[in-house]
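As structure tokens, the structure follows; a few thoughts come after it.
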Amino acid sequence: MTIPLIDLTDALTADASGREQVADQIRVAAETCGFFYISNHGVPQALIDRQFEEAERFFKRPKEAKQAVALQSHGPMRGYEAIGSQTLDSAAHADLKESFQCGREYAADHPYVLKGYSSYGANVWPSDIPEFQKACECYFDAMTRLSGTLMQLLARSLDLPEDYFGRLNACPSDTLRLLWYPPHPARSDARTFGAGAHTDWGALTILAQDANGGLEVQMQDGRWAPADPIHGTFVINLGDMIPRLTHGRYRSNLHRVINKNAEARHRQSVVFFTDLDFEALIEPIAGLAAAQHDQTDRAPFTVGEHMAQKVRETYG
Ligand SMILES: O=C(O)CCC(=O)C(=O)O
Ligand SMILES: [Fe+2]
């Protein structure tokens, strides 16, 4: 079993039967490995290239310039994080990655901002490179649209109305994360990772990666399979909300990153998380039959509760 590649052409241009066929492929991927590539997704390559160029320019800046927009320990999780800030796998060393996060702008008096929810608030931008902000905003808008399409197809794949997930996303917490991985150190052990093994916390992730490779996905048989870069595609994976919503039918798989680039280059990726509304209640969707081996049993919880727990676990 390898990670499937799904061509979105018929979902974007064809009639209902075209969308149905794409949704069928998503169902198979979601029930088996929880990961798939998408091609012909409608996002211009130039827009993706520009995002990568601007991110690289940002990460190559001096430490002080990056620290000037550092993520604060209180308030929304927006801004720059240095290497070692997060430990995605508690059994491993801290992650060898730098990151920059931004998201939808929420005003200071928005109820979710006042409640201190981690994904809601104002962005922090480096003031002297406006092109960086512009690229992130354009990319964020394109991802918001693509994510909307994918969530519709995901609903259709479960025989639900296409707008089903809208009811869980009245106040979106979408986050864009730019990642910059140093070369894998020569002196390392089996617990050294760019990003330690983890499942994503939300609903659906859209990942663009450079040509280096290094992302690995744990398949059903426990084997780690490389999610090698395929030019012009995104890697899509399902996060923790989905197994619970689908009674264990759809999977949220473990994955990890090791930058083993032979020429000791940095590895770059750009990740868009669709994490849903922090006050949405997550419980099995009424009328959906449980999977035979549903291991997701858990009292209903809100998106925000799950996120807060994950932030505590991985930031120590
Ligand atoms: O950089 C990658 O390829 C994966 C990053 C990732 O898994 C994450 O940020 O959740
Ligand atoms: Fe991830």
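Among the residues of region 200-237, those identified as of a type in the set (Gly, Ala, Ser), over 16 Å from LEU254 (Cβ atoms) and either touching a helix residue (DSSP H, G or I) at 6+ places or on another chain (Cβ under 9 Å) or away from ligand 1 (no atom under 12 Å from the Cβ) (or both) are ALA203, ALA208, ALA211, GLY232.
Considering the conditions (1) in contact with a Cys (Cβ under 9 Å, 6 or more places away or on another chain); (2) without any contact (Cβ under 8 Å) to a residue 40 or more places away in the chain, GLU283 is excluded by exactly one of them, (1).
Confirm whether GLY116 is more than 24 Å from VAL235 (Cα to Cα) and part of a loop (DSSP other than H, G, I, E, B). Yes: the conditions hold for GLY116. Here region 175-199 is the region considered, the condition is being in contact with a Lys or Arg (Cβ under 6 Å, 6 or more places away or on another chain) and not in a strand (DSSP E or B), and the residue that is nearest to ligand 1 (Cβ to nearest atom) is GLY194. When the criteria are applied in full, ARG251 fails the requirement of being within 16 Å of ligand 2 (Cβ to nearest atom), assigned to a strand (DSSP E or B), touching a residue at least 12 places away in the same chain (Cβ under 8 Å) and among the basic types (Lys, Arg). Against the definition (over 21 Å from the mean Cα position of the chain (by Cα) and not aromatic (Phe, Trp, Tyr)), how does ARG19 come out, yes or no? It is true that ARG19 is over 21 Å from the mean Cα position of the chain (by Cα) and not aromatic (Phe, Trp, Tyr). Quick check, is THR199 hydroxyl-bearing (Ser, Thr, Tyr), away from ligand 2 (no atom under 13 Å from the Cβ) and either under 13 Å from the mean Cα position of the chain (by Cα) or farther than 18 Å from ALA92 by Cα (or both)? No; evaluated as a whole, the condition is false for this residue. Each residue in region 200-211 was checked for being farther than 23 Å from SER85 by Cα, part of a loop (DSSP other than H, G, I, E, B) and not small (Gly, Ala, Ser), and 0 of them qualify. Checking each residue in region 69-104 for being touching a strand residue (DSSP E or B) at 6+ places or on another chain (Cβ under 8 Å) and more than 27 Å from LYS260 (Cα to Cα) picks out VAL69, ALA70, LEU71, GLN72, GLY75, PRO76, MET77, ARG78, CYS102, GLY103.
Checking the structure you have, find out if any residue of region 290-301 is crowded, with 19+ Cβ neighbours inside 10 Å, closer than 28 Å to LYS115 by Cβ and touching a Ser or Thr at 6+ places or on another chain (Cβ under 7 Å). Looking for residues that are crowded, with 19+ Cβ neighbours inside 10 Å, closer than 28 Å to LYS115 by Cβ and touching a Ser or Thr at 6+ places or on another chain (Cβ under 7 Å), one finds none in region 290-301, hence no.
FYI, it's all coordinate maths here, none of it is from the lab. Note that the structure is predicted; figures quoted are calculated from it, not measured. Cβ sites come from the backbone with ideal geometry, for glycine too, and all protein chains shown count toward neighbours.
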